[in-house]
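Handing you this structure, nothing more for now.
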Amino acid sequence: MSEIAKIDVNGSVYEFPIIEGSENEKAIDISKLRGLTGGITTIDPGYKNTGSCESAITFLDGEKGILRYRGYSIEELADKADFLEVAYLLIFGNLPNAETLEKFKQDIKEHAVVDEDLKKIVDAFPRAAHPMGVLASLTSALTAFNPSSVDVDSEEAMYKAIVKIMGKFPVLVGWTMRKNQGMPFRYSDSSLGYVENILKMMFKKPGEKYVQNPILVDALDKLLILHADHEQNCSTSTVRIVGSAHAGLFASLSSGISALWGPLHGGANQAVLEMLEAIKEDGGDTKKYMAKAKDKSDPFRLMGFGHRVYKNFDPRAKIIKVAADEVLGDLGVEDPILDIAKGLEQEALKDDYFVKRKLYPNVDFYSGIIYRAMGIPTEMFTVMFALGRLPGWIAQWREMRLRKEPIGRPRQVYIGENSREFVKINRR
Ligand code: CMC
């Protein structure tokens, strides 16, 4: 028998079905609440208790530290699959066979060009512009160069839009970084794999041959997989809600990029490095910063620690930590920043404040360290996150449209002034 929940409002009892997901997660379906109760709503700032949708893409269990894309564990995918294979899995629901994957890769390569006129837009930005602002603007500008909206009911049209954005986005990422570094723009090299091509588009210097380092290619591939989706986080919910108004795919993605930029979300990887730099400049006293993080009158937070959902450990952080050791070992990097990071990590893991609140290093604590070792400028870190998250955003947007979800429109509890009469300016 299906379970129900009852809400008693001043003696009137209302019943609501409890729905169950495929991993036995339960949710009270309150979609009829307002109708039944004559207008009573719920309030849940930050949506800590609110499910916004049913989704078949990503499962995560924050208590047990489980993360799965379409049923496959993140550990197995990071170990055995490549980024585009995972992108296909997320977007279309199943792992591709060799032929389908090859076609997907080729189709993406074919679209790895952007209109030359877009360069004029990049040129107009000041060089010091934050790369996330530039990337969000360029992604939005793609709409102007590809004006037709996607017919979501046509599989062919959807597929075309998907390979288009998957192809063009790395070019935009490359241009964003080269603008920031004052380097000439480059196009895609179709002889290379997706990740190799990204590295070359970012780093190739004029007049020099770019030599790929397979360890870096592998590490970046892994990082992109680890960031590829994370169910209904801030930027993904943004993409879904913007798309729910039937805004186009590129416009919805652009808003996701803006949401990701925030330091409490994707911007944390940049914030981690800036924090480590600041600690170094201040003499490297990690204990002082631990104390600041615990002091409630001090707004300082230990960036890269804590997670809304993971309350035991972040499975992505575990994988990245190993990758970070490999990359640093291979490159022979010795960096005082890393010693500070390790010191903070060790202190936090045995500190009562952090243990009680279940605050563990998250994915962003280690990703910034790898990016830094790779030579990626700090301001580009969140752009790298966006590059990885792109297939997740697309998958969620597509799912939302295919399920014909209604426009997202939360309610509020109004706490402002009651009705009052307008007073003319000369009498105020
Ligand atoms: N440093 C110090 N104290 C912290 C931290 C931190 N990084 N994170 C949480 N707390 C404390 C917080 O002050 C609160 O204490 P109390 O119960 O005494 O009031 C308690 O822990 C719970 O914190 P919360 O803010 O209610 O937790 P949340 O679930 O709303 O926030 C978070 C999650 C990730 C925004 C937060 O932990 C944080 O700001 N972390 C630093 C930023 C960061 O690393 N973000 C990246 C997240 S992973 C990438 C992604 O998926 O976006």
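The values are calculated or read from the model by the stated rules, or taken from the named source; none is laboratory data. Fair warning: this is a prediction, and the values are worked out from it, not measured in the lab. Cβ sites come from the backbone with ideal geometry, for glycine too, and all protein chains shown count toward neighbours.
Please verify whether segment 345-352 includes one or more residues that are more than 14 Å from the ligand (Cβ to nearest atom) and not basic (K, R).
Pass one, segment 345-352, residues more than 14 Å from the ligand (Cβ to nearest atom): 346, 350.
The next check asks that each one be not basic (K, R); those that pass are 346.
Yes: one or more hits.
Contact list please: Cβ distance under 6 Å, first residue in segment 342-365 and in contact (Cβ under 8 Å) with a residue 60 or more places away in the chain and polar (S, T, N, Q), second residue within 11 Å of the ligand (Cβ to nearest atom) and assigned to a helix (DSSP H, G or I), pairs at least six apart or on different chains.
Short answer, once both residue conditions are applied: N362/A317.
Here's a check for you: in segment 37-94, which residue that is surrounded by 12 or more Cβ atoms within 10 Å (Cβ to Cβ) and among the polar types (S, T, N, Q) is farthest from H230 (Cα to Cα)?
T37
Here's a follow-up. For segment 23-46, give me each residue that is under 27 Å from S73 (Cα atoms), touching a residue at least 24 places away in the same chain (Cβ under 8 Å) and not in a strand (DSSP E or B).
E23
Among the candidates K296, K280, K292, single out the residue that is farther than 30 Å from L142 by Cβ, more than 27 Å from the chain's Cα centre (by Cα), within 13 Å of the ligand (Cβ to nearest atom) and assigned to a helix (DSSP H, G or I). Show your work before the answer.
Numbers: K296 fails: assigned to a helix (DSSP H, G or I); K280 fails: within 13 Å of the ligand (Cβ to nearest atom).
From the options K296, K280, K292, the qualifying one is K292.
Quick one: which of S55, S137 is over 22 Å from R403 (Cβ atoms), modelled with pLDDT of 95 or more and of a type in the set (S, T, Y)?
Values: S55 fails: over 22 Å from R403 (Cβ atoms).
Unique residue meeting the criteria: S137.
Yes/no matrix, rows are residues, columns are (1) under 18 Å from K222 (Cβ atoms); (2) within 23 Å of the chain's Cα centre (by Cα); (3) assigned to a loop (DSSP other than H, G, I, E, B); (4) among the charged types (D, E, K, R):
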| site | (1), (2), (3), (4) |
| --- | --- |
| R68 | yes, yes, no, yes |
| E76 | yes, yes, no, yes |
| V86 | yes, yes, no, no |
| L95 | yes, yes, yes, no |
| T100 | no, no, no, no |
| K103 | no, no, no, yes |
| Q106 | no, no, no, no |
| K109 | no, no, no, yes |
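Would you say V333 is of a type in the set (V, I, T), closer than 19 Å to N269 by Cβ and part of a loop (DSSP other than H, G, I, E, B)?
Working: of a type in the set (V, I, T): yes; closer than 19 Å to N269 by Cβ: yes; part of a loop (DSSP other than H, G, I, E, B): yes.
It is true that V333 is of a type in the set (V, I, T), closer than 19 Å to N269 by Cβ and part of a loop (DSSP other than H, G, I, E, B).
Taking D189 as the residue in question, decide whether it is in a loop (DSSP other than H, G, I, E, B), among the acidic types (D, E), surrounded by fewer than 24 Cβ atoms within 10 Å (Cβ to Cβ) and away from the ligand (no atom under 16 Å from the Cβ). Spell out how you get there, then give the answer.
Numbers: in a loop (DSSP other than H, G, I, E, B): yes; among the acidic types (D, E): yes; surrounded by fewer than 24 Cβ atoms within 10 Å (Cβ to Cβ): yes; away from the ligand (no atom under 16 Å from the Cβ): yes.
Yes; evaluated as a whole, the condition is true for this residue.
Still on this structure, I have one more. How many residues does segment 232-277 contain that are in a helix (DSSP H, G or I) and either within 15 Å of the ligand (Cβ to nearest atom) or of a type in the set (S, T, Y) (or both)? Give the derivation first.
Step one: list which residues in segment 232-277 are in a helix (DSSP H, G or I), which gives 234-244, 249-261, 268-277.
Add one more test, that the residue is either within 15 Å of the ligand (Cβ to nearest atom) or of a type in the set (S, T, Y) (or both), and what stays is 234-239, 244, 252, 254-261, 268-276.
Result for segment 232-277: 25.
Going residue by residue through segment 60-70, is there one that turns out to be of a type in the set (V, I, T) and within 16 Å of the ligand (Cβ to nearest atom)?
Our first condition is that a residue be of a type in the set (V, I, T); within segment 60-70, this holds for 66.
With within 16 Å of the ligand (Cβ to nearest atom) added as a condition, the list becomes 66.
Checked against the condition, which is being of a type in the set (V, I, T) and within 16 Å of the ligand (Cβ to nearest atom), segment 60-70 yields at least one hit.
Does segment 359-376 contain at least one residue that is buried (at least 21 other Cβ atoms within 10 Å of the Cβ), of a type in the set (G, A, S), at pLDDT 95 or above and closer than 28 Å to M132 by Cα?
Looking through segment 359-376, none of the residues is buried (at least 21 other Cβ atoms within 10 Å of the Cβ), of a type in the set (G, A, S), at pLDDT 95 or above and closer than 28 Å to M132 by Cα.
Further question: Suppose we keep only residues that are outside any loop (DSSP other than H, G, I, E, B) and of a type in the set (A, V, I, L, M, F, W, C) within segment 299-322. Which one would you say is farthest from the ligand (Cβ to nearest atom)?
So in segment 299-322, the residues outside any loop (DSSP other than H, G, I, E, B) come out as 305, 315-322.
This time we only want the ones that are of a type in the set (A, V, I, L, M, F, W, C), so: 305, 317, 319-320, 322.
On the way: F305: 4, A317: 9, I319: 14, I320: 11, V322: 18 Å.
So, considering only residues that are outside any loop (DSSP other than H, G, I, E, B) and of a type in the set (A, V, I, L, M, F, W, C), the one farthest from the ligand (Cβ to nearest atom) is V322.
Then there is this: Go through segment 111-129 and give me each residue that's under 20 Å from A144 (Cα atoms), assigned to a loop (DSSP other than H, G, I, E, B) and under 25 Å from the mean Cα position of the chain (by Cα).
Start the filter on segment 111-129 by keeping residues that are under 20 Å from A144 (Cα atoms), which leaves 111-125.
Narrowing the set further to residues that are assigned to a loop (DSSP other than H, G, I, E, B) leaves 111-117, 125.
Passing the criteria: H111, A112, V113, V114, F125.
Which residue out of R420, R401 is within 23 Å of Y88 (Cβ to Cβ) and surrounded by fewer than 22 Cβ atoms within 10 Å (Cβ to Cβ)?
R401
A157: surrounded by 13 or more Cβ atoms within 10 Å (Cβ to Cβ), at negative phi and among the small types (G, A, S), yes or no? Can you show your working first?
Numbers: surrounded by 13 or more Cβ atoms within 10 Å (Cβ to Cβ): yes; at negative phi: yes; among the small types (G, A, S): yes.
Yes.
Also: Any residue at all in segment 323-342 that's within 12 Å of the ligand (Cβ to nearest atom) and buried (at least 23 other Cβ atoms within 10 Å of the Cβ)?
Scanning segment 323-342 turns up no residue that is within 12 Å of the ligand (Cβ to nearest atom) and buried (at least 23 other Cβ atoms within 10 Å of the Cβ).
Also, quick follow-up: Can you confirm whether R389 is within 13 Å of the ligand (Cβ to nearest atom), surrounded by 18 or more Cβ atoms within 10 Å (Cβ to Cβ) and of a type in the set (D, E, K, R)? Spell out the reasoning first.
On the way: within 13 Å of the ligand (Cβ to nearest atom): yes; surrounded by 18 or more Cβ atoms within 10 Å (Cβ to Cβ): yes; of a type in the set (D, E, K, R): yes.
So R389 fits the description; yes.
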